[in-house]
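Novice: Encoded as structure tokens, here's the structure I'll be asking about.
The values are calculated or read from the model by the stated rules, or taken from the named source; none is laboratory data. This structure is a prediction, so every number in the text was calculated from the model and none was measured. In this analysis, Cβ positions are derived from the backbone assuming ideal geometry, glycine residues included, and neighbour counts consider all displayed protein chains. In case anyone asks, the SASA skips ligands and DNA or RNA and just uses the protein heavy atoms, side chains included. Shrake-Rupley method; radii C 1.70, N 1.55, O 1.52, S 1.80 Å.
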Amino acid sequence: MRESNHGHHDENAARTREFHAFAAGASGRLLQVATLLTTEPAHRNPLAQDLLTASLAHTYAHWDRLRGEDPYEVTRADLAARFARTAWRHHRGRGGVLSALTPQERLVVVLRLHEGVPEERTAALLGLPEERVRAVCARSVSALRAAS
């Protein structure tokens, strides 16, 4: 009994170490993604930090079941979904570079252009047709060019 329990403890410790290494490496970029979405200033971004914390907690909870999935993609997908669910809170931009865009437009632009997520994957993540993703992206880029 004692032996198996110890083995379990080692597994948990290894899992925690793996997760912490991932989080340390990915948090900066994921926080940048979240901050672009919330349009907060980079130095004062409590909403983005909350989004990131919740998504990292979700990834940690599912760590053992990732089975070769990229934890960065899993966390980013959760962050995008979480942002989409709470988008009404973020409707008014806070002065960030993407403030002029709607929350859905921000999601499309950040996933496609900042993160380089392929069109079909972005469409699947956001539950939109690919044509809509393409149109939103084109329109948003024009709007941002006009604004700059």
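Novice: Compute the convex hull volume of the Cα atoms of segment 93-148, divide it by the residue count, and report the result per residue in Å³ as a whole number.
Specialist: So the per-residue hull volume is 68 Å³.
Novice: To continue, here is another question. How much of the calculated P(r) for segment 1-76 lies past 16 Å, in percent of all Cα pairs?
Specialist: 54 percent
Novice: May I pose another question? Whole-Hz ³J(HN,Hα) for each residue in segment 59-67, computed from phi via Karplus 6.51 cos²θ - 1.76 cosθ + 1.60 with θ = phi - 60°, x for glycine and proline: what do you get?
Specialist: 5, 4, 4, 9, 3, 5, 9, 5, 6
Novice: Leaving out ligands and nucleic acids, note down the accessible area per residue over the chain with a 1.4 angstrom probe, in whole Å².
Specialist: 58 Å²
Novice: Between Ala146 and Ala87, what is 0.36 nm times their sequence separation minus the Cα-Cα distance? Round to one decimal in nm.
Specialist: 18.8 nm
Novice: Of the candidates His20, His62, His43, which one comes out as most mobile in a Gaussian network treatment of the chain with C-alpha springs shorter than 10 Å?
Specialist: Maximum among the listed residues: His43.
Novice: Here's another thing I want to ask about it. May I ask for the angle, rounded to the nearest 10°, between helix 130-147 and the longest principal axis of the chain, with both axes built from Cα atoms and the value confined to 0 to 90°?
Specialist: 60 degrees
Novice: If N is the number of residues in the chain, what value comes out of its Cα radius of gyration divided by 2.2 N^0.38 Å?
Specialist: Working it through for the chain, the quotient is 1.20.
Novice: Please give the calculated 222 nm ellipticity per residue for the chain, where each DSSP H segment of at least 4 residues contributes -39500 (n - 2.57) and the sum is spread over every residue; nearest 500 deg cm²/dmol?
Specialist: Estimated from H runs of four or more residues: -23000 deg cm²/dmol.
Novice: Given a 1.4 Å probe and every protein chain left where it sits, what share in percent of the accessible area of segment 4-148 is carbon and sulfur?
Specialist: Carbon and sulfur atoms account for 55 percent of the accessible area of segment 4-148.
Novice: Looking only at Asp70, Asp78, Asp50, which one moves most when the chain is put into a Gaussian network model with springs between Cα atoms under 10 Å?
Specialist: Highest fluctuation among the options: Asp70.
Novice: What trypsin sites (Lys or Arg not before Pro) does segment 44-147 have in DSSP loop regions with at most 12 other beta carbons within 10 Å?
Specialist: Arg44, Arg67, Arg92
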